[in-house]
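The values are calculated or read from the model by the stated rules, or taken from the named source; none is laboratory data. Quick caveat: nothing in here was measured; it's all calculated off a predicted structure. Methodologically, a virtual Cβ is constructed for each residue, glycine included, from the backbone with ideal geometry; neighbour enumeration extends over all protein chains shown.
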Amino acid sequence: MAVPEKITRIDSLFAELFKKRQWDKRLALHAVFRNWPEVVGAEIAERTEPQVIRGTVLWIAVSDSVWMQQLHLQKQMLLEHINANVRGSEKISDIRFQVEAALGEEKMVVDSPQPIASPQQIDPEEQKKFERLISAIGDAELRTRLLALWQKAHR
């Protein structure tokens, strides 16, 4: 059996592969994802989320078009903050925004219910009629919230 001339450590193989494929530069760019709230601040981080880096362009999901417009106006400042937090020679060259409404959903806060002096009973037939009316809505969460709102209004 032939004895290998030299045993190569796996970490050096990975280091060589990273360097050869220039993954080390790409990995440095992706540090933005880990440090997002520190990079852009808590208020912006609450309404945005970095999605993907294509080439050197960072795509950011934004909660709504108002925030997208505001961030577009602050684009240069954001780019400077982001690149200040990127180690390595390669930097983010541009930022693109796209609206993702799920980011803007209000956080549901459950308050302790206030006691009601005399709660009225909801007519089951009326509720069934309303449920049939909203059954055409495809979004289950929307139907649930509409029903809860209707119930609240009819108490």
Inset, instruction - Can you confirm whether segment 26-38 contains a residue that is at pLDDT below 80, in contact with a Ser or Thr (Cβ under 8 Å, 6 or more places away or on another chain) and either within 16 Å of Asp94 (Cβ to Cβ) or of a type in the set (Asp, Glu) (or both)? - result: yes
Legend entry - Complete set of residues in segment 66-94 that are touching a helix residue (DSSP H, G or I) at 6+ places or on another chain (Cβ under 7 Å), under 15 Å from Gly41 (Cβ atoms) and either of a type outside the set (Phe, Trp, Tyr) or at pLDDT 95 or above (or both): Leu71, Leu78, His81, Ile82, Asn85
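For segment 100-109, state whether one or more residues are at pLDDT 85 or above, under 21 Å from the mean Cα position of the chain (by Cα) and under 25 Å from Leu29 (Cα atoms).
Among the residues of segment 100-109, at least one is at pLDDT 85 or above, under 21 Å from the mean Cα position of the chain (by Cα) and under 25 Å from Leu29 (Cα atoms), which makes the answer yes.
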Legend entry - Total residues in segment 1-13, condition at pLDDT 80 or above and either aliphatic (A, V, I, L, M) or in a helix (DSSP H, G or I) (or both): 5
Inset, instruction - Six or more apart or on different chains, Cβ under 6 Å: which pairs go from a residue in segment 76-94 that's touching a residue at least 60 places away in the same chain (Cβ under 8 Å) to one that's not in a helix (DSSP H, G or I)? Could you list them? - result: Ile92/Thr56; Ile92/Leu58
Legend entry - The listed residue being surrounded by 14 or more Cβ atoms within 10 Å (Cβ to Cβ) and either of a type outside the set (D, E, K, R) or within 28 Å of Val99 (Cβ to Cβ) (or both), out of Val66, Val52, Val62: Val62
Inset, instruction - Answer yes or no as to whether Ala15 is surrounded by 14 or more Cβ atoms within 10 Å (Cβ to Cβ) and in the same structural domain as Glu80 (by TED's automatic domain parsing). - result: no
Inset, instruction - Filter segment 11-25 for residues that are within 20 Å of Ser93 (Cα to Cα) and not basic (Lys, Arg) and give the result. - result: Gln22, Trp23, Asp24
